[in-house]
1. 5 Å is the cut-off here: which amide hydrogens, built 1.01 Å from N in the peptide plane, fall below it relative to PHE68, excluding neighbours closer than 5 in sequence?
2. Let me make sure I get this right: for region 157-314, a, b and c are the square roots of the gyration tensor eigenvalues over alpha carbons, sorted descending. Under 1.5 in a/c it's rounded, otherwise prolate if a/b > b/c, else oblate. Which is it?
3. Highest mean first, how do 174-182, 444-452, 383-391 rank when packing is the count of other Cβ atoms within 10 Å averaged over residues?
4. Explain nothing, just compute: Karplus ³J(HN,Hα) = 6.51 cos²θ - 1.76 cosθ + 1.60, θ = phi - 60°, for every residue of region 10-17 in order, whole Hz, x for Gly and Pro.
5. Against the longest alpha carbon principal axis of the chain, how many degrees, from 0 to 90 and to the nearest 10, is the axis of helix 484-503 turned?
6. Which residue, ALA453, SER481, LEU471, has the largest displacement toward the positive end of the dipole of region 404-492 when charges sit on each Cβ (Lys, Arg +1; Asp, Glu -1)?
7. As an exercise, identify the chymotrypsin sites (Phe, Trp or Tyr not before Pro) in region 375-434 lying in DSSP coil whose Cβ has no more than 13 other Cβ atoms within 10 Å.
8. Among the trypsin sites (Lys or Arg not before Pro) in region 463-522, which ones are in a DSSP loop with at most 16 other Cβ atoms within 10 Å of the Cβ? Mind listing them?
Amino acid sequence: MTEADLDPALREDMIAKHVDIGLTLDILNRYNSGDFDHFTKVVPSGIPPIDGVGVVDIRDRSPDRILFRFSREQALANLKKHGISLSGDLGPGKGAVFEGRDGAEVFLSFTTEALKAIGRQMLGRCAYGVLNGGSATSYADLKKNRAVDEALFSALKPSFERLAAQCRDMPKGLTPAYINPDGSPGATFLELKMRARLLAAQELPPPHRREPFMPLFQMTSTANHEQLMRAYEDIQRSPFLAHLAADVGLKASDWLSGIQPMIAAYTHSAEGRPKRIFDRAYGREHCALALPGGHGQSFMVLADVFRELQREGMRYAMLSNVDNIGAYADPVELAILGISGKPAGFDFSFKTPVDLKGGILVCTQDGSKNVVDIGPAIELEEIERLERGGAQILFNCATGIFDLDWLVPHLDEIARNLPLRFSDQNKDAGAYSQAEQVTWEVVSILPDFIAFAVDKKRRFLAAKMLAEMLLTSGFGIDDASVPSSLRQTGMLLHEGQTWLLEHVYGLRCIGGRWQPRELARP
């Protein structure tokens, strides 16, 4: 199919919606010719164990608890590359790092205290990025939110209807990350991300705060880039950022960007093959639905950004979805990654009933580890089968740290080999299929990585649906009509949100509203 084969009215509509027609048709033609047929559903052989090597449990942060151990020779060599030596209070036997022997091999054991100290020294060489390309269309979609749970949706309906109108067609990063106890909207996801960076700088001595300190980068889309950039002009004056930025001497909202092209939705698999362009969005004739092609395109879209960060002296780049307020730069993870010398590390939490969209960590038939996306790559029924067998499912938190020394030379390879998958959708716009590359399937291309087993309520408060954000904000958890499992999950998430707002984002709740601690008055 070529552009000339499109109905003129449909073509005009696609152009108006910033759809990359060439890319859309290339994907369509390759699908119809069978180019993607080898990207099949994954049949896992099991779930990887928490072994302290490939999967490291870092949930218990007691200061003197040993979280990680590694070969002494390799650890010292890897830390030397970062200009870090284990001396003084961090030296072996000094109460934070212990030397031991496993057969002939000498290893070092690192406590939480030691890892935090090492990681803080590495923050200045770690960039912080968000996948910012999506709008809140799915987020505020009525069908999707009702599907979480009918009783929960009924309990949240008044708040949902009020907020959905404000969120719809907005970049999700510019929508409230939480709702205050008094019902008013809180800071946006992006305000919290930028504030966490400034607070991290505030904890360091002034010489370590100089630009570029944890430079910010993002993947936007042709549909929302200009809207986001205009918002950054205003957001600098935000009460959550302005005073803090002045105090630490850093710019609050200076972002490096890669702009993702939009592609059109395709016909639902129920309509058979060959697929066509979905041209009946919201029941209107010759009406396309513009969608991003999945966050996995970030390795192509952000390629020049990653190269620029490396030229600026950055060694690591953290990347996360914009809707997860638990995704902040963690010195402990950064230290473990630096000590190990592995090319990447990713967060995984134990799956809960509301984790219906995203990926899980599995062992594949060839013995390797992979992240497979629920729906596009693995059926929910297969996950339920594993759970019935007693497996503890580790759910991908969509947060990763990449070693740029490995990533940059392999960007073209990743963009070329990352799987492209089609998933059927049934939303307010209609029944259609969506083509996506999933970022976290990059683990199948990596030579090795560390999976961090984290506390969900501290590291994975993702808001895939508006109903989830409301539940995490404490709405519906006292309603007896809501299933007890969801109320219990909601209470845990709300507890985590409260901890994050206080300890990571430096807020205080006064008079029913979360306020910056530097501005809050008792």
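We did not get these values from a lab; they are worked out from the coordinates using the rules stated. Since this is a predicted model, take the numbers as computed values, not measurements. Note that we place each Cβ from the backbone using ideal geometry, even for glycine, and neighbour counts take in every protein chain shown.
1. PHE110
2. On the way: a/c = 3.17, a/b = 1.53, b/c = 2.07.
Oblate shape, in that a/c is at least 1.5 and b/c is the bigger or equal ratio.
3. Working: 174-182: 20.3, 444-452: 18.2, 383-391: 12.8.
The packing order, highest mean first, is 174-182, 444-452, 383-391.
4. Going residue by residue, I get 5, 4, 4, 5, 5, 5, 4, 9 Hz, with x marking Gly and Pro.
5. Taking the Cα atoms of the chain, the angle to 484-503 is about 60 degrees.
6. Going by the Cα projections, it comes out as SER481.
7. Numbers: sites: PHE395, PHE402, TRP406, PHE422, TYR432; in loops: none.
Qualifying residues, ordered by number: none.
8. Details: sites: LYS464, ARG487, ARG508, ARG513, ARG517; in loops: LYS464, ARG517.
In loop regions of region 463-522 (DSSP not H, G, I, E or B), the sparsely surrounded trypsin sites (Lys or Arg not before Pro) are ARG517.
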